[in-house]
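Dumping the structure here so I can ask a few things about it.
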Amino acid sequence: MPIVSSTSSNSKDVLITVSDRFDFSQYKLFRESYCECNTPGTEFRLDLSSANYMDSSALGMLLLLKEHADKIKGKIIIERPNDSINKVLEIAQFHHLMEIVR
Amino acid sequence: MMMQSQNRDILIIDSNQDNVERLTQIISEEGFAVSSAQNGMQGLVKFYQHKPDLVLIDFHAEGMSAIETCRQIKALATNVFVPVLMISTYLDDEQISTCVEAGADDIVFRPFSLAIFRSKIYAMFRIANLYSKLYTLTSERQNDEELAEQLFSTVVEKGNVAKEHISIFKRSAETFSGDVQLTALCPNGDINVLLGDFTGHGLSSAIGAIPLADTFRAMTDKGYSPLEIIKQINRKMHQLLPTHMFLAMTMVSLSVNEQIAYIWNAGMEDSFVFDSKTGELRQRIGSFHPPLGISANLLLDIRPEVIPLTKDDRIILYSDGIVEARNAQGDFFGEQRFIEATQQGFVDNDVKGHIIAALEVFCEDLPQDDDISLVDINCDVSLYQALFPVAESEKEKILNSTIEDEFTGRWSWQMALMGEKLATVNPIPIIINQINEMEGPGDQWHGLYTVLTELYVNALDHGVLDLDSSLKNSPEGFAQYFQKKEERLAVLGNGYIKIKLEYTSTDQGGTLDIMMIDSGIGFEFTPWVEELGDIELAKNDFSGRGIKLVTELCQKLSYHENGSAVKATYTWNK
């Protein structure tokens, strides 16, 4: 599965793991991975360590996740992007919009 | 449901005359027209002549094999779907799959009942109908798209200026492009260039292009600063685009008078500044702001890269479609190949040609999966001065005209900016708008725009903010200068600038007296102004250019109150 998500027992933390290509073909799966999580203050951790490609439509998907997180006063943390994905995030200067941990 | 059979034509390819006669009878009874051929070759000829809507091929027809006949018929019918029914008494599994591979749409085994044969034919026509509907819809859509794209690019790109000095290349992945390239002339002769890349490509990514182009052009025309333009574009895109879409863009403002480029990069690949003589990559300007349209406001500390230019400099902008183009092995074209192709391009004086050729060699025949854009800006500012009415001749006209003009109309207008409004309001576009409203648009306002801007910037920077212009003597000092300016703008207190205009129209044209008073303590103006008269400004002297320009454009310029008040007279002939 290219996208797997798990919710912690207190349903406050959601870990979303994206593998392989992070692009528009993952749109539906990605959306489903978070849209049910409406607990206020949820922390969405997005583990990108096994993803090897990300395009600008994936940036758009991150913005949708951010919109959802903002609505429930939650938070996003992008974790361990590889070099090429980190470059995409850097060009888009996304660290101004969400936390990115290498 | 039976379909209308009148206009349907069926071709039978069979070497057995009895079979042909029997089939012909059944088909004719259904009201279809029939033609027949005795072997494959004849069948192809008839197919070509009659353009039938359905073909029946007996697997054992003589001459060319039924499989080959089927394959050739399918090859002949390129834009329309012509079903082929294979008929045989027996076929083994392999023969069946060969038939299907060759393009046969169904197989009927002998002996068959009349009912089965008839229903197969009607079922085939039903599929053919669907195909033809699909084909009509697709081609209609494509026509519409192409027409819309033509209108669209005309609206977006027709206003571009200086095409001979700013070379633009664009190739879309689909009919519509999500990349937008815009150029426009500011009232003071500066040039704004924008390369934008909307998320994705195709029609959906092109929706923002028209409002983007409108905002960019209207605001450049009215003399708004690049930062104000970017702010407004951001606001527009934020209102307009859905959450997951945004606009990455680079904007270059080429200041012709200062010989400086101001560059903003929001989410684009690095922009490059090359010395075209040596091929040296002098500077890269990386993205320093998220793409536009994501948040309602820009980041607070956005400030451009300030690049002093020489006449050999070239600024190269491109969209990621170029560096992320892939070859059959899945490798990216990449930045290094791009830089090398650009450098080679300088040698042969064909940057665009070299980059495109290198890209095509690299990707071979693979389809392009993103929009590709390239903008090559020649930074020799003297080229752009020609686009602009020359100050000198204007002045000479006035010197040669007789002064006894009859007054035909007068007005005066004033405004005062105080405290923090000095940091947020740019009065120059407001003034130019006022004048356009009252006197109508005209080329003479270009020079006036420059005069007003220079006087206002001086009053603000050296009067109210008390900044030392000698800081601007070095490229490093420039950054320091702008930083200080920002710091002091943040704590303005009781500072003010008052502007008064007095206009008199004459038979020949008009005269505008401009007075500007600021809250500063003034400066040593007399020696400084005299100096300007005979000293040619050094090439690297970034300060003082502005006032030199004002003296060229105005008939009179005088400082009062220790330099904290200035009076200029701008005159023009119709």
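Sort B:110-116, B:21-27 for me by packing, meaning the mean count of neighbouring Cβ atoms within 10 Å per residue, highest on top.
B:21-27, B:110-116
Net charge near B:GLN232: determine it from the other residues with C-beta under 14 Å of the C-beta of B:GLN232, scoring Lys and Arg +1 and Asp and Glu -1.
Overall, the nearby charge balance is +2.
Suppose the chain between B:LEU240 and B:ASP106 were pulled fully straight at 0.36 nm per residue; how much longer would it get relative to their current alpha carbon spacing?
Extending this stretch completely gives an extra 43.1 nm.
Still on this structure, please answer the following. Please give the contour-minus-distance gain from B:ILE210 to B:ILE521: 0.36 nm per residue of separation, less the Cα-Cα distance, rounded to one decimal in nm.
Full-extension gain reported as 107.2 nm.
Here is a follow-up. Go ahead and run the numbers for FRET between B:GLU476 and B:ASN79, Cβ-Cβ distance against an R0 of 60 Å, rounding to 0.05.
In this case the efficiency is close to 0.35.
Within a 10 angstrom radius of each residue's Cβ in A:53-63, how many Cβ atoms of other chains show up on average? Whole number is fine.
Mean shielding count: 6.
Taking the Cβ of B:THR183 as the center, what net charge do the other residues with Cβ under 10 Å away carry, scoring Lys and Arg +1 and Asp and Glu -1?
Working: positive: B:LYS163, B:ARG217; negative: B:GLU157.
Residues near B:THR183 contribute +1 overall.
While we're on this one: Got a sec? Which residues in segment B:209-245 would a label at B:VAL155 touch, if it sits 7 Å along Cα→Cβ and we count backbone N under 12 Å?
Residues passing the 12 Å test: B:209-215.
Can you give the mean number of other chain Cβ atoms that lie within 10 Å of the Cβ atoms in peptide B:189-201?
Mean shielding by partner chains, rounded to a whole number: 1.
Just grab the label-to-label distance for B:HIS60 and B:SER139, each label 7 Å out from Cα along the Cβ direction, in nm (one decimal).
Label at B:HIS60, label at B:SER139, 4.1 nm between them.
State, to one decimal in nm, how far the label point of B:LEU147 lies from the label point of B:ASP380, with both points 7 Å from Cα in the Cβ direction.
Inter-label distance under the simple model: 4.5 nm.
How long is the gain from B:VAL347 to B:SER132 if the chain were fully straight, where each residue apart is worth 0.36 nm and the alpha carbon distance is subtracted?
Once the chain is fully extended between B:VAL347 and B:SER132, it gains 72.0 nm.
Just checking the output field for A:91-98: average partner chain Cβ neighbours within 10 Å of each residue's Cβ?
Details: counts 12, 10, 12, 4, 1, 6, 3, 0.
Mean partner-chain Cβ count within 10 Å for A:91-98: 6.
Using the alpha-carbon centroid of each, what span in Å lies between segment B:253-313 and segment A:70-102?
24 Å
Something else: What FRET efficiency, computed as 1/(1 + (r/R0)^6) with R0 = 60 Å and r the Cβ-Cβ distance, is obtained for B:LYS485 and A:ASN10, rounded to the nearest 0.05?
That gives a FRET efficiency of 0.75.
Using 7 Å Cα-to-Cβ label points, what is the B:ARG284/B:LYS548 separation (nm, one decimal)?
3.5 nm
On to the next question. To the nearest 20 debye, what is the magnitude of the charge dipole of the protein assembly as shown about its Cα centre, counting +1 on the Cβ of each Lys and Arg and -1 on the Cβ of each Asp and Glu?
So the magnitude is around 1560 debye.
None of the figures in this text is laboratory data; all of them are computed from the coordinates on show. Keep in mind it's a predicted model, so treat the numbers as computed, not measured. Using ideal geometry, Cβ is built from the backbone for each residue, glycine included, and neighbour counts are taken over all protein chains shown.
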